[in-house]
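In what follows, a structure is listed as structure tokens, so that the remarks can point back to it.
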Amino acid sequence: MDWYTFFISIIGSGVVTAIVNGLMNYHTQIRSIKESGLYAKRVNVLDEMMKRMERLHRLTGELVSFFQEDGSDGAENERRKKVVDALNYFSVYYQRNRHYLSKDLSKAIDSLRDEYKKVFITFSYEARIPGERPDLKKWRETVETYQKVLVEKKEEISDDFRKLVGVK
């Protein structure tokens with residue numbers, strides 16, 4: 001092998017390496033751009049879902065609270081309507097955007113949503129039926145479920161959201 005052939009082979013292999021590296025960097029950059037857009041969208045979805053979940057939680061807490069400013073049937077019906085609206089507001093958004101979530105997180109949110117429904121139904125149809133005396137035992141059980149089960153499940157989901165967006 002002469003020097004000329006040796007020199008050409010070294011330059012040729014360097015060019016091939018440079019082309020391969022350039023193509024790999026280009027595809028990596030394109031993938032990063034796509035993923036960053038997906039990441040940003042996912043963060044927005046999680047943020048909105050968290051806001052809706054917090055609103056539902058707050059309104060449910062106001063509904064089942066023993067200490068209410070106005071205990072009249074009209075005020076009670078208004079609180080119930082707000083909870084139903086918040087539950088629907090959360091549920092519709094979740095259903096439309098659940099594809100951004102893992103299956104496990106989706107199952108946890110389904111379970112949380114079902115618990116909010118149970119608390120609402122138990123309170124509305126067993127603990128505090130309009131026009132009747134409240135069943136204080138059922139009401140207390142409902143409050144305990146709200147304070148223990150709902151708070152715990154909501155916090156677990158909140159922790160999962162934080163992990164997904166990179167908050168430690």
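Of the peptides 72-84, 53-65, the ranking by mean beta-carbon count within 10 Å, highest at the top, reads 53-65, 72-84.
The spread of Cα positions in segment 44-165, taken along each principal axis and listed from longest to shortest, comes to 46, 23, 20 Å.
Values quoted throughout were computed directly from the atomic coordinates according to the rules given, and no laboratory measurement underlies them. A quick note: this is a predicted structure, and the numbers were derived from the prediction, not measured. No Cβ is skipped: glycine too gets one built from the backbone with ideal geometry, and neighbour counts run over all protein chains shown.
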